[in-house]
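Report on the following structure.
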Protein chains: 2
Amino acid sequence: MTTQSSRVRLGAGLTADQVAVRRHNLSLVLRHLRVHGDRSRARIAADVGLNKATVSSLVAELAARGLVVEGETERGGVGRPGRVVEIAATTLVAVGAEVNTDYVSVLVTNLRGEAVAERRVALDTAAMAATDVLSRLAALCRTVLDPVVREGSDVVGLTLALPGIVAPATGTVDDAPNLGWRGTPVVDVLRTALGDPVYPIDLDNEANLSALAELEVRHPETARELILITGAVGVGGGVVTSGRLLRGGRGFAGELGHMHFEPDGRRCRCGRRGCWETVVGLGALLRAAAPASDPVRDPSVDVVQRLQQVRARAEQRQARTLRAIEQVGDALVRGCGTLVNLFNPEVLVLGGYFAELGPWFLPRLQAELAGEVFAPHAGGCRVELSTLGFSAAVRGGALRSTRRVYDDPTVVPLRPAADEMRGASS
Amino acid sequence: MTTQSSRVRLGAGLTADQVAVRRHNLSLVLRHLRVHGDRSRARIAADVGLNKATVSSLVAELAARGLVVEGETERGGVGRPGRVVEIAATTLVAVGAEVNTDYVSVLVTNLRGEAVAERRVALDTAAMAATDVLSRLAALCRTVLDPVVREGSDVVGLTLALPGIVAPATGTVDDAPNLGWRGTPVVDVLRTALGDPVYPIDLDNEANLSALAELEVRHPETARELILITGAVGVGGGVVTSGRLLRGGRGFAGELGHMHFEPDGRRCRCGRRGCWETVVGLGALLRAAAPASDPVRDPSVDVVQRLQQVRARAEQRQARTLRAIEQVGDALVRGCGTLVNLFNPEVLVLGGYFAELGPWFLPRLQAELAGEVFAPHAGGCRVELSTLGFSAAVRGGALRSTRRVYDDPTVVPLRPAADEMRGASS
């Protein structure tokens, strides 16, 4: 990372108010380029309502921080043609990392959100100590990141995704029952395992981060209200309202799997009875689909393979498998009805195993959801399948780390030798 | 209302950007006074980080619009004592109006949120045509407002609260089953009945507006995440996250009463079976508490009287009544558990009949809620009783109309003869 000495120089002579306005405008221009694409300074000025001299100065500072570069000359505009400004594709990268029950995973993206490198490694994390898992994850991060950094990219941040209840503010896992982690200071452990890097390391729930990624791949005008339902043995969710993650008072919002669903139902891993995940989780599906001796219920077999087997049987119209899917589908429709009654989302995204069995679940939900919702036409809610698979949480993690930069571009230090755009004007 | 001719003069010579900054700063100063109370220009300048000359100019404009007035001289400050600036108590008022199953109601507040006048009239609205109900409401508005306007106050806006699904953008009720209204253009009908006043008339769901009012009476630092549960025959709710109402994609969020709760349960007025309100609504309580012939189940008796009777019996420890309360309490605890798992609120407020029977419901929820929630210690959620009674929705309505002014003080025109503070400085 570069030093911050020249940052003081740029800010010299400005009042606190002016610094805040400048920071706001830098963010405005950078976010505008991200959402609307490459364009000339003149066009940015017209779009965001700032004057051209201000925009030129803002673009110069963004370039000096390595956030934007000059691209092709823009054609067809009014007046003297200007060169387009683009979000930098190589100078800065963000990392999403994930620990889940069966694997660890790392994704590196540039500031445009494009994947630069990705690796996922199968690992029986629940059988290992947290520090060992995090060491393996750190090793994977280095393997993926080292070549990227050697080619000159700086890391703006890493966000770690975990299944369970996490405290982003302290970097601690409160309770991740599927990993067996409780009160673990995961961010500190990972930072040490990574050799104490200078970039910030953040922590969030994997369903929350997956919801952010689902939001990102949809059109921002039609998906500011979104719920992602992650289906595995546990059922979780990420809720986005007004384009932002719903966190609640202490960051625990979105525990969809623990909606009260069946009075005196089956015992849940949380200790209570009849939670929604006891009837729609993968365990419920597999119990209904096959006897205990069936390989699809053998926990030593990779869950992805077992799901492929279930899917193959459903395609062959095997009666017990179809009945199991129908039974889970019943409870899925009714629980989704509750979610839509409470949140009135624009999009409900089925992730995890619900997406794998999407050809059965999706048409049913699309046909029956409106019947479960008090508002007319299901309140306008669409149901879609996630297309991100295992990459959703790491993609959301990288996204969260880049958002810091978009919200305040001055968190990225000035690069000493990157003055070529300073003072250029369109 | 005053003319807007002099407004052009104040804005003359400013760019679009400068106008936006000015509007933002006017709002900043006005909201600061509302949250933190009366104070001198010098203190405002220090608090919000603007310079004193700017604050003096902003205060002069707010005064010219009738939004603030000069008060007492501030003592104990540093330097020359300045006169304090206060939110005006008499020049501008806002109106909350409500139609509900048993009554119509009107509340007038000043910009400080203080009640200036209030009236509630019992009316069997479900037995009347919508236009007749709205005529009665308009007559009540005039009765309450006329003296206030005669004394020189201008109305900044009126917000109408209704039980049911409403479309604030078009001013139409989509479906209010308890009133029997469907597709009614209530704002247009009310505006005509009021003689086409110049102030804006808005529309919102009564539970949403009640939640806003509950938020307002609590400390803003400890209640930015709040759920209000309104208990009547129907059960509704208003959800506040990050200090704002959760509306969802089309404004239908918060239909708590229609959470899926009992498989194959009792038929709900929405047509489905086993909705939460079929087991925690007032109907469920009364059915469990008394035989059909009992006066507490006689719909021709005022519901407030019937509830007083139920409460008296509970105080006398009448066995069937206590069993009914216990039974509803069971379902109330479990449903609240679902809400807390999904939203992780800081405060859950019991309104309507839940508040009336608060001495029985509250201790139970406080003791048992944590056992229903996945996050530790119920995610930090407190349970409280509403203290606003029948005034909650109209108070929220008036608040919503004043918020427009706090968000953009320039919606209030300059008052021609109110120049006395112009140019004054602290």
Other-chain or far-sequence residues with amide H under 5 Å of A:LEU385's (modelled H): A:LEU350
What is the Cα coordinate range of chain A on the first, second and third principal axes, sorted by size from largest, in whole angstrom? 72, 51, 40
Using a 1.4 Å probe on the heavy atoms of the protein chains only, list every residue of segment B:337-373 that has 30 Å² or more less accessible area in the complete assembly than in its chain alone. B:THR338, B:ASN341, B:LEU342, B:PHE343, B:ASN344, B:GLU372
Taking a crude spin-label model, label points 7 Å out from Cα along the C-beta direction, the B:HIS219 to A:ARG182 distance in nm is 3.2 nm
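Gain in length, A:THR143 to A:ALA46, computed as 0.36 nm per residue apart minus the alpha-carbon separation, to one decimal in nm? Don't skip to the end; give the middle numbers.
Values: separation 97, 0.36 × 97 = 34.92 nm, distance 4.41 nm.
The span from A:THR143 to A:ALA46 would gain 30.5 nm if fully extended.
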Which of A:ALA138, A:ALA53, A:ALA331 moves most in a GNM of chain A, Cα contacts under 10 Å? A:ALA53
More than 16 angstrom apart: percent of Cα pairs within segment B:239-309: 61 percent
Under a Gaussian network model of chain B whose springs join Cα atoms within less than 10 Å, the largest fluctuation of B:GLY157, B:GLY257, B:GLY389 belongs to B:GLY389
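With +1 on the Cβ of every Lys and Arg and -1 on the Cβ of every Asp and Glu, and nothing else charged, how large is the dipole of segment B:176-276 about its Cα centre, in debye rounded to the nearest 20? Working shown, then result.
On the way: 12 positive and 12 negative charges, 95 e Å.
For segment B:176-276, the charge dipole is close to 460 debye.
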Mean residue ellipticity at 222 nm from the helices of the protein assembly as shown, using -39,500 (n - 2.57) per DSSP H segment of n ≥ 4 over the full residue count, to the nearest 500 deg cm²/dmol? -12500 deg cm²/dmol
Per-residue ³J(HN,Hα) for segment B:363-375, Karplus 6.51 cos²θ - 1.76 cosθ + 1.60, θ = phi - 60°, Hz, x for Gly and Pro: x, 5, 4, 4, 7, 10, 4, 4, x, 9, 10, 5, 6
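Quick one: accessible area per residue over chain A, 1.4 Å probe, rounded to a whole number of Å²? Let's see the in-between values first.
Values: 17690 Å² over 426 residues.
Normalised by residue count, the accessible surface of chain A is 42 Å².
Which shape class, rounded, prolate or oblate, goes with segment B:352-413 when its Cα gyration tensor gives a ≥ b ≥ c as root eigenvalues, a/c under 1.5 marks rounded, and past that a/b bigger than b/c marks prolate?
On the way: a/c = 6.00, a/b = 1.99, b/c = 3.01.
Oblate.
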Ordered shortest first, which distances in nm separate the 7 Å Cα→C-beta label point of A:HIS24 from those of the other copies? 0.1
Once the label point is set 7 Å along the Cα-to-beta-carbon vector, what list of distances in nm do you get between B:SER242 and its counterparts in the other copies? 0.6
Label points for B:ASP132 built 7 Å along Cα→Cβ; distances to same position in the other copies, nm, shortest first, come to 7.9
If you build a Gaussian network model of chain B, linking Cα atoms that sit under 10 Å apart, which residue out of B:GLY248, B:GLY152, B:GLY337 swings the most? B:GLY248
Given H placed 1.01 Å from N in the peptide plane, which residues other than close sequence neighbours of B:ASP175 have an amide H under 5 Å from its amide H? B:ILE165, B:GLY183
Segment B:206-222 - phi-based ³J(HN,Hα) in whole Hz, Karplus 6.51/-1.76/1.60, Gly and Pro as x: 5, 5, 4, 5, 5, 5, 4, 5, 5, 4, 4, 7, 9, 5, x, 6, 10
Quick one: buried accessible area between B and A, total over both chains, 1.4 angstrom probe, nearest 100 Å²? 3700 Å²
Under the rule of at least 5 residues apart or a separate chain, name every residue whose amide H is placed under 5 Å from the amide H of B:LEU203. B:LEU160
Return the percentage of antiparallel bridges among DSSP beta bridges fully within the protein assembly as shown, rounded to the nearest 5 %. 60 percent
Would you kindly derive the ³J(HN,Hα) couplings of segment A:38-55 from the backbone phi angles with the Karplus curve 6.51 cos²θ - 1.76 cosθ + 1.60 (θ = phi - 60°), listing them in order in whole Hz, with x for Gly and Pro? 3, 6, 6, 4, 4, 5, 4, 4, 5, 5, 9, x, 9, 7, 5, 5, 4, 4
Ignoring ligands, DNA and RNA, what percent of the 1.4 Å accessible area of the protein assembly as shown is carbon and sulfur? 49 percent
Mean Cα-pair separation over length for chain A, i.e. relative contact order, pairs under 8 Å, 6 or more apart, %: 20 percent
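The values are calculated or read from the model by the stated rules, or taken from the named source; none is laboratory data. Source: prediction; values computed, not measured. Neighbour counts run over all protein chains shown; Cβ positions are idealised from the backbone, glycine included. Please note that ligands, DNA and RNA were not included when accessible areas were found on the heavy atoms of the full protein model with its side chains. Shrake-Rupley method; radii C 1.70, N 1.55, O 1.52, S 1.80 Å.
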